[in-house]
Amino acid sequence: MRQAVIRTGLETLYFTGAYIALRGLLGGVGAILTLHHVRPARADAFQPNRLLEVAPEFLENVIVELRRSGTELVSLDEMHRRLTTADFGRRFVCLTFDDGYRDNLTFAYPILKKHAVPFAVYVPTSFPDRLGDLWWVTLEAAIAAAERIDLAIAGKSCSFRCATVAEKRETYRALYWILRSLDSEEDLRAIVRDLAARHGVDPSAFCERLCMSWDELAQLAADPLVTIGAHTVNHLMLRKQPEEVVRREMLAGADAIEAALGVRPDHFAFPVGDPTSAGPREFAIARDVGFKTAVTTRPGVLFPEHRNYLTALPRISLNGEFQRLRYVQVLTSGAATALWNHFRRVDAA
Ligand SMILES: [Zn+2]
């Protein structure tokens, strides 16, 4: 339902041409795009994490369309230079990929290389260390395997039916948001681990299967087109952690990347990155520990004012549920996110 509303809004902005009229006013100077998986679409009916993936052809079409429209595709360092020196001659877009999935190397990299597009990959170092907890993937697998789920959350017992695909979708949506709203991410992860154990799912397998190893990351890092960014060690929602953990996660993640790849990352992405995961305290710490930029998942395009908020930058997600070029045109025009943000340019509170 919510997706249908978003889709209608994007279609309206496109077909009325409103996004073109609004672009000069709202479009800012550039945008940072967020991607996760890039891989061919799968046929499975139950894919609640599908919003986190786009098809390789879609990525290529986006690149071609952005270049056709006169947008420059630039690295995070170049974005930082433009923001800090107010060099806004041409609109720019940065492509960023979160979490270091292996399909970035297999499917995205050949396309990015072919078109000579700079891009960044933000790596939580527990993933190539093979200790990562991809709890959202584990939750999907447990619900896929289960007919019914019974569990206790914060002392209350709940049960969910998940015999049919429709029930599985509804259960995933409900459970995901209940878990995300918990104050303790340790509780969230314990609940998902327990569910996995009861439904025969091995959570430790996902890291190895889905994420790049350090050797694979080194292949990417050797290409001057590629920026490896930091994304903590354990991919925790930092706003829910004590300050010393926030600092440790930021610094230890950067240290591990420097030790493995020989280059200290200058750029950082907040895990999950919404306002419940990253706020003013985290923006200040990211600056304090020395990152040149840090990105959130708060939706928005970049304005000159963002030079004062370099560790609280918004991004636009290329959502797998909306793989239409016209949505990308509308989103990068700034029109949709301006509505979302009530025409406020900077959201760093
Ligand atoms: Zn992430």
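The figures follow:
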| item | result |
| --- | --- |
| Selection within segment 228-250 - within 16 Å of the ligand (Cβ to nearest atom) and either assigned to a loop (DSSP other than H, G, I, E, B) or open to solvent by 20 Å² or more (accessible area, probe 1.4 Å) (or both) | ILE228, HIS231, THR232, VAL233, ASN234, HIS235, LEU236, MET237, ARG239, LYS240, GLN241 |
| Complete set of residues in segment 251-274 that are part of a loop (DSSP other than H, G, I, E, B) and more than 14 Å from the ligand (Cβ to nearest atom) | GLY262, VAL263, ARG264, PRO265, ASP266 |
| Subset tally (residues that are touching a strand residue (DSSP E or B) at 6+ places or on another chain (Cβ under 8 Å) and within 24 Å of THR85 (Cα to Cα)) for segment 256-286 | 7 |
| Residue list for segment 85-128, restricted to those being over 16 Å from GLN219 (Cβ atoms), touching a residue at least 60 places away in the same chain (Cβ under 8 Å) and either of a type in the set (Gly, Ala, Ser) or open to solvent by 50 Å² or more (accessible area, probe 1.4 Å) (or both) | ALA86, PHE88, ARG91, ALA116, SER126 |
| Candidate set: segment 202-227, residues that are in contact with a strand residue (DSSP E or B) (Cβ under 8 Å, 6 or more places away or on another chain), part of a helix (DSSP H, G or I) and open to solvent by 20 Å² or more (accessible area, probe 1.4 Å); chosen: the one farthest from VAL74 (Cα to Cα) | LEU210 |
| Qualifying residue in segment 171-185 (condition: buried (at least 22 other Cβ atoms within 10 Å of the Cβ), within 16 Å of the ligand (Cβ to nearest atom) and farther than 20 Å from GLU53 by Cα) | yes |
| Yes/no for VAL123 being within 16 Å of the ligand (Cβ to nearest atom), β-branched (Val, Ile, Thr) and not assigned by TED's automatic domain parsing to the domain that holds ASP187 | yes |
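A quick yes/no check of all residues on (1) within 22 Å of HIS37 (Cβ to Cβ); (2) hydroxyl-bearing (Ser, Thr, Tyr); (3) outside the structural domain of PHE270 (by TED's automatic domain parsing):
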| residue | (1), (2), (3) |
| --- | --- |
| LEU73 | yes, no, no |
| ASP87 | no, no, no |
| ARG102 | yes, no, no |
| VAL117 | yes, no, no |
| LEU139 | yes, no, yes |
| LYS168 | yes, no, yes |
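The values are calculated or read from the model by the stated rules, or taken from the named source; none is laboratory data. In this text the structure is predicted, and so the values were computed from the model without any measurement. Backbone-built Cβ (ideal geometry, glycine too); neighbour counts: all protein chains shown. Accessible surface areas use protein heavy atoms only, side chains included; no ligands, DNA or RNA. Shrake-Rupley method; radii C 1.70, N 1.55, O 1.52, S 1.80 Å.
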